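Report on the structure given below.
The values are calculated or read from the model by the stated rules, or taken from the named source; none is laboratory data. Worth saying up front: this structure is predicted, and the values here are computed from it rather than measured. Here Cβ is always computed from backbone atoms with ideal geometry, including for glycine, and neighbour counts include all displayed protein chains.
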Number of protein chains: 2
Amino acid sequence: MGQDVDVTLKHTTVVLSTDGRDEQNETLAVEVPYKVALNDKNIGASMVLETGLEAFGVGFLFGQGYIQTAEQVKEVLVCNQGRIAVYADVDEADEPKEVIITSGCGGTGKISREMLEGAFDPLQEATITMDEVSEFIRSVLHGSDLGAETHCVHGCGLWAHGKMQAFYEDVGRHNAVDKIIGAILLGRVPTDGAVYTTGRLTSDMVLKCARMGIPIVMSRTSPSSLGLAIARRAGVTLVGYARPGRLNVFNAPERIKQG
Amino acid sequence: MGQDVDVTLKHTTVVLSTDGRDEQNETLAVEVPYKVALNDKNIGASMVLETGLEAFGVGFLFGQGYIQTAEQVKEVLVCNQGRIAVYADVDEADEPKEVIITSGCGGTGKISREMLEGAFDPLQEATITMDEVSEFIRSVLHGSDLGAETHCVHGCGLWAHGKMQAFYEDVGRHNAVDKIIGAILLGRVPTDGAVYTTGRLTSDMVLKCARMGIPIVMSRTSPSSLGLAIARRAGVTLVGYARPGRLNVFNAPERIKQG
């Protein structure tokens, strides 16, 4: 969950306005290309924020359909020269077939038609109270200063058993969710809880949470039509425009309790 | 530039708040998977908003490195069952090699290391005045009601020769830029102008504009470190946090004139 390296860069910009010309210091999020390998075979690469890279590598491979369960994951090695090596018990025949590159604000960006149209395993069971949701949202939004400083990262948290269990950020909203999913697959955090993301809930975002069995998926902003369709098929509680004390529930409100 | 089909969906949501339970009508952006084929060979697929699909198909193939110039593009056929067929004079040997999946809020999401590290051809030349920028930003932000209704689309415009020449929206910020680039490659709009996007300027966003020769790239929000690095290498004027009357210029301010 901590930041492994300095993920920001300072830059002096020229501010042009009707008052003339000025200078201002800006902080940029540092985006770095990382390859992800599965059992020493390169699978893909993504631009990432250099935090939570073990979790990212595993979540990335799950998102792309190469890894299905926590039991498969054996070891993860991160080389700071830009490579994450995941070792897992997988069958090559299970590799995803035709892929769809996704619309998402985020990186991993590939889902297969199979994943999109297949049936879902039952979700984990969980409920959450309105008070817990409020605390959860505040915890994610104040999880670090990076979002306010750079305006270039998305945050994502996992709440379960009465507390925030994980918090990650990334330049891509998908990558941040992938880090959460990777943390689940690494056995670091439980699955029976709620995810809250600052990013939009397009199809791919909801799909990977549903495949992971996460029962409650919330966003600061909106779902797309297909994000909603997947939530309905999988039975996921889908919340948009989530604010402390006010939730707009698009599907399965019964998991959210007053109090 | 017009909307070909209805790209929204109505949904009644349950609003949970400290005051109890209410209902509310929401409008969702409809995201649809489209395959893109080049000379009848499927290259990839992306979730898109069903507008500007001819331009999207061409821009997608440019973004992925399959098409380089307007002269190569011969014909585009859009099948509303989810396929865009682009016919172009391309050499298979020019296909992109190792690809990096990008961090971007948007769909097309693949760039090659070659594109990232290669040299850039000279950009088109253009300048823009502060007054033009203000009018341009307002034109994009008020280009349609879809953004305000759905909170799930990004807008992107192209300004050249004193007016907004093109405006597109999509569920992915990349797709919206791809539609602009496709319109350029289809000869519908000029290259010697400015792009303004509501999305973040990560590496891939700046890269495709620089490769296209667009000299000025602006965003409502921030660039990433690598977005800035590419702008500096290519000489692109890079503007973040662009507001009418106030621009934060990260690179090459000389193309923006007072007045």
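Structure above, values below:
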{"item": "Candidates B:13, B:8, filtered to the one that is in contact with a Phe, Trp or Tyr (Cβ under 7 Å, 6 or more places away or on another chain) and farther than 29 Å from residue B:211 by Cα", "result": "B:13"}
{"item": "Number of the exception - residue B:218 against (1) away from chain A (no Cβ under 14 Å); (2) in contact (Cβ under 8 Å) with a residue 24 or more places away in the chain", "result": "(1)"}
{"item": "Residue satisfying all of: in segment B:201-259; of a type in the set (Gly, Ala, Ser) and assigned to a helix (DSSP H, G or I); farthest from residue B:161 (Cα to Cα) among these", "result": "B:225"}
{"item": "Of all residues making up segment A:167-195, the number that are within 11 Å of the chain's Cα centre (by Cα) and of a type in the set (A, V, I, L, M, F, W, C)", "result": "8"}
{"item": "Answer residue from segment A:213-238, given it is β-branched (Val, Ile, Thr) and within 20 Å of residue A:142 (Cα to Cα) and is farthest from the chain's Cα centre (by Cα) among those", "result": "A:221"}
{"item": "Extreme residue, surrounded by the most Cβ atoms within 10 Å (Cβ to Cβ), among residues of segment A:201-248 that are among the charged types (D, E, K, R) and more than 25 Å from residue B:147 (Cβ to Cβ)", "result": "A:208"}
{"item": "From the options B:61, B:38, B:9, residue that is within 9 Å of another protein chain (Cβ to nearest Cβ), crowded, with 17+ Cβ neighbours inside 10 Å and either closer than 30 Å to residue B:139 by Cβ or out of contact with any Asp or Glu (no Cβ under 8 Å at 6 or more places or on another chain) (or both)", "result": "B:9"}
{"item": "Any chance residue A:146 is surrounded by fewer than 24 Cβ atoms within 10 Å (Cβ to Cβ) and more than 14 Å from chain B (Cβ to nearest Cβ)", "result": "no"}
{"item": "Every residue from segment B:180-200 that is crowded, with 23+ Cβ neighbours inside 10 Å and not small (Gly, Ala, Ser)", "result": "B:180, B:181, B:184, B:185, B:195, B:196, B:197, B:200"}
{"item": "Qualifying positions in segment A:46-73 - without any contact (Cβ under 8 Å) to a residue 40 or more places away in the chain and within 13 Å of residue A:168 (Cβ to Cβ)", "result": "none"}
{"item": "Residue identified as modelled with pLDDT of 70 or more and at negative phi among B:107, B:162, B:147", "result": "B:147"}
{"item": "Residue satisfying all of: in segment B:154-200; part of a helix (DSSP H, G or I) and in contact with a Cys (Cβ under 6 Å, 6 or more places away or on another chain); farthest from residue B:31 (Cα to Cα) among these", "result": "B:180"}
{"item": "Residues that are touching a helix residue (DSSP H, G or I) at 6+ places or on another chain (Cβ under 6 Å) and away from every other protein chain (no Cβ under 11 Å), drawn from segment A:232-253", "result": "A:234, A:236"}
{"item": "Among the residues listed as A:129, A:191, A:197, the single one being more than 19 Å from residue A:61 (Cα to Cα) and touching a helix residue (DSSP H, G or I) at 6+ places or on another chain (Cβ under 9 Å)", "result": "A:197"}
{"item": "Condition check for residue A:55: away from chain B (no Cβ under 14 Å) and at pLDDT below 90", "result": "no"}
{"item": "Of all residues making up segment A:67-104, the number that are surrounded by 23 or more Cβ atoms within 10 Å (Cβ to Cβ), within 14 Å of chain B (Cβ to nearest Cβ) and either at pLDDT 90 or above or more than 30 Å from residue B:152 (Cα to Cα) (or both)", "result": "1"}
{"item": "Conditions (1) more than 11 Å from every other protein chain (Cβ to nearest Cβ); (2) touching a residue at least 40 places away in the same chain (Cβ under 8 Å): number failed by residue B:224", "result": "(1)"}
{"item": "Residues being outside any loop (DSSP other than H, G, I, E, B) and modelled with pLDDT under 90 - total across segment A:1-19", "result": "1"}
{"item": "Subset of segment A:1-40 [of a type in the set (Ser, Thr, Tyr) and closer than 22 Å to residue B:223 by Cα]", "result": "A:8, A:12, A:13, A:17, A:27, A:34"}
